[in-house]
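Any read-out appearing in this document is the output of simple, stated calculations on the displayed coordinates, not a laboratory observation. All of these numbers come straight from a predicted model, not from anything done at the bench. Neighbour counts run over all protein chains shown; Cβ positions are idealised from the backbone, glycine included.
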Amino acid sequence: MFFGRKRKADELAQIKGGSMPVHIGIIMDGNGRWAQRQGLPRMAGHRAGMDAINRCLEGLKNLDVKYLTLFAFSTENWRRPKAEVDYLMNLPGQFVARELDNLMANNIRLRILGDVRGLPAHTQEAVAEGIKATAGNSGLTLTFAINYGAREEIIRAARQVGLECKRGLLDPGDIDGTSFESYLYTRGMPDPDLIIRTSGELRISNFLLWQIAYSELCFLDILWPDFSELDLYRAIADFQHRQRRYGGI
Ligand code: FPP
């Protein structure tokens, strides 16, 4: 225990001296496998995944990271058994009920990315309550991507751009990267500097495809419910060793 704490403190001291990612995105993967390995139902993995979110927030308290975006439910996750989908749809409400005091105490603002109208009413209400209560906070922005798919996000933006062109409000010649971004769910947010995916899978799974063009990718061979503050600090340390050139030399 002592050595664990010391390693965490050492790692933290190390990364504090380096360049900090402004925006971290996380694909929280491996809840089901974690549960299976413990001989538990998949839902137990998602419950343990909630604790990992809190460890991550705890770790970020000590750092100057401005945005944390967590992939909580993809547009493809509706294909899961109804009982699991229902369970996952209750988690935002549980999170807001349990963590609102913590969010307020730590100046954290809650946001959501994705097609909110496709969520059950109780999920929409819980999320809206959390967003409203934390709207005035100015520290970390914690964003849950729920009912989110990057291709759907881009298509939706293209449709809106098309409509505005058709109505004569926009000239197609004026569309560039900056103006197009204002039609994405992430409007106003900086692109992620660092994307972390747990569970050992080496893919992006339709997460923030437009926004990660120049993000550094970090794949961890651990399951999300096992994710610790030390893992967060090590991923940031790894990020600090990368050379970001954005196509230059
Ligand atoms: C991926 O693991 C995880 C998910 C699809 C859900 C992640 C959600 C949480 C951790 C909680 C979300 C909380 C809030 C507040 C919105 P998996 O089930 O695909 O794992 P597997 O690949 O091992 O089966």
Query raised in the report: Only one of these conditions is not met by ALA158: (1) surrounded by 11 or more Cβ atoms within 10 Å (Cβ to Cβ); (2) small (Gly, Ala, Ser); (3) closer than 30 Å to ASN54 by Cα. Which number is it?
Result: (3)
Query raised in the report: Would you call GLY93 touching an Asp or Glu at 6+ places or on another chain (Cβ under 9 Å), within 12 Å of ALA145 (Cβ to Cβ), touching a residue at least 24 places away in the same chain (Cβ under 8 Å) and crowded, with 16+ Cβ neighbours inside 10 Å?
Result: no
**Report entry** Of all residues making up segment 63-83, the number that are crowded, with 16+ Cβ neighbours inside 10 Å and either without any contact (Cβ under 8 Å) to a residue 24 or more places away in the chain or out of contact with any Asp or Glu (no Cβ under 7 Å at 6 or more places or on another chain) (or both)
**Finding:** 12
Requested in this report: For residues that are among the charged types (D, E, K, R) and more than 11 Å from the ligand (Cβ to nearest atom), tally how many sit in segment 47-60.
Outcome: 2
Report summary line: Only one of (1) within 12 Å of the ligand (Cβ to nearest atom); (2) touching a residue at least 12 places away in the same chain (Cβ under 8 Å); (3) of a type in the set (Gly, Ala, Ser) does not apply to ALA44, and that is (2)
Requested in this report: Kindly establish whether ALA72 is part of a helix (DSSP H, G or I) and of a type in the set (Gly, Ala, Ser).
Outcome: no
Query - Output for segment 101-110, where each listed residue is assigned to a helix (DSSP H, G or I), more than 12 Å from the ligand (Cβ to nearest atom) and in contact (Cβ under 8 Å) with a residue 12 or more places away in the chain - result: ASN102, MET104
Query - Condition check for ARG242: surrounded by fewer than 16 Cβ atoms within 10 Å (Cβ to Cβ), over 19 Å from ILE112 (Cα atoms) and under 16 Å from the mean Cα position of the chain (by Cα) - result: no
